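Heads up, the thing below is written out as structure tokens.
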Amino acid sequence: MSKTLRLILLSLLTCVAQTTLVRYIRIGGVAPDVMIAMLVALTSICGSYGGFCMGSLMAMLYDASVGYVLAINLVCYTFIGWAAPLLRRSLEQALHRLRHKSYLVLFCIGFFLTLLRELVDTGYLFLIGSDLGVTTLLRSLLCCAYSAVMVFPAAFCLRIVMTWKPKLLRKKKDEDFIDDKDATESHRKGTPEV
């Protein structure tokens with residue numbers, strides 16, 4: 001399976017996880033943003049253009065499944081997919097002396113980009129006149145931390161999907177696909193088959 005098909009399959013699975021499975025892993029009524037976690041985990045496989053495409057695909061699938069018309073998610077996830085590889089590259093250059101920095105870098109990028117998305121959502125809630133308080137801000141910070149932690153299982157799932165090799169149509173060294181080994185050997189010798 002090609003890399004593009006695997007990424008499309010992964011975006012479908014991530015959208016399904018965001019819309020259905022996240023409700024089972026809530027902490028204090030706060031659910032993680034699995035789509036941001038997957039986009040941050042994708043920084044090791046595809047660059048800014050791939051992240052841009054995957055972010056926009058995930059956002060369109062999410063908006064279509066949930067029923068949002070405003071397209072704030074499309075703008076946010078597309079930007080997140082584009083910015084995550086750039087942030088990873090700059091953080092790795094800034095922390096070049098630190099050992100085992102990849103986990104710290106993924107956590108920081110996940111936290112920062114989720115915080116950015118939560119700020120956009122909070123701004124939208126403010127514009128439509130919703131009541132905002134300290135509880136909303138604390139829930140936003142908990143969501144940022146929870147989403148940043150979810151980057152690690154997302155990276156594990158990403159590795160499994162991208163390294164999986166299907167066993168269909170594999171043949172062994174001495175095996176023929178249609179089991180006509182005897183017919184081909186007798187044909188090569190020039191003797192008629194009995």
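The values are calculated or read from the model by the stated rules, or taken from the named source; none is laboratory data. For clarity, every value in this text was computed on a predicted model and none was experimentally measured. Glycine gets a Cβ as well: all are built from the backbone with ideal geometry, and neighbour counts include every protein chain shown. What goes into the accessible areas is simple: the full protein's heavy atoms, side chains included, and nothing from ligands, DNA or RNA. Shrake-Rupley method; radii C 1.70, N 1.55, O 1.52, S 1.80 Å.
One table, with the values for the structure above:
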item	result
Magnitude of the charge dipole, the chain, Cβ model with Lys/Arg +1 and Asp/Glu -1, debye to 20	700 debye
The chain - percent relative contact order, Cα under 8 Å, separation 6 or more	25 percent
Most mobile of L119, L57, L127 in a GNM of the chain (Cα contacts under 10 Å)	L127
Mean Cβ count within 10 Å, highest first, over the residues of peptides 132-138, 36-42, 14-20, 106-112	36-42, 106-112, 14-20, 132-138
Total formal charge among the other residues, if their Cβ is under 12 angstrom from that of L95, Lys/Arg +1 and Asp/Glu -1	+4
Dimensionless Rg over Rh [segment 1-111; C-alpha; Kirkwood]	1.00
Helix 48-66 axis, angle to the chain major axis (alpha carbon atoms, nearest 10°)	80 degrees
Cleavage-rule hits (trypsin sites (Lys or Arg not before Pro)) in segment 17-88: DSSP loop, at most 13 neighbouring Cβ within 10 angstrom	R26
Tilt relative to the chain, helix 151-163 - C-alpha long axis, 0 to 90 degrees, to 10	20 degrees
Share of alpha-carbon pairs per 10 Å distance bin for the chain, given as whole %	8, 30, 28, 12, 7, 6, 5, 2, 1
Within the chain, helix-based [θ] at 222 nm, where runs of 4 or more DSSP H residues each add -39,500 (n - 2.57), nearest 500	-22000 deg cm²/dmol
Additional length obtainable on full extension of the chain from T122 to F107, 0.36 nm per residue less Cα span	3.2 nm
J(HN,Hα) series, segment 79-94, from Karplus relation 6.51 cos²θ - 1.76 cosθ + 1.60, nearest Hz, glycine and proline x	5, 5, x, 6, 7, 4, x, 5, 5, 5, 5, 6, 5, 5, 6, 6
Neighbour net charge for L106 - beta-carbon separation under 12 angstrom, K R +1, D E -1	+1
Per-residue SASA entry for V120, accessible area with 1.4 Å probe, Å² rounded to 10	60 Å²
Scattering profile of segment 114-173 at q = 0.12, 0.13, 0.28, 0.29 Å⁻¹ [log10 I(q)/I(0), Debye over alpha-carbon scatterers]	-0.51, -0.54, -1.09, -1.13
Calculated Rg and Dmax of segment 57-104 using C-alpha coordinates, Å	15.5, 46
Apportionment of accessible area to carbon and sulfur, the chain, percent (1.4 Å)	66 percent
1.4 Å probe accessible area per residue over the chain, in Å²	65 Å²
Lys pairs under 20 Å by Cα in the chain, provided they are eight or more residues apart or on distinct chains	7
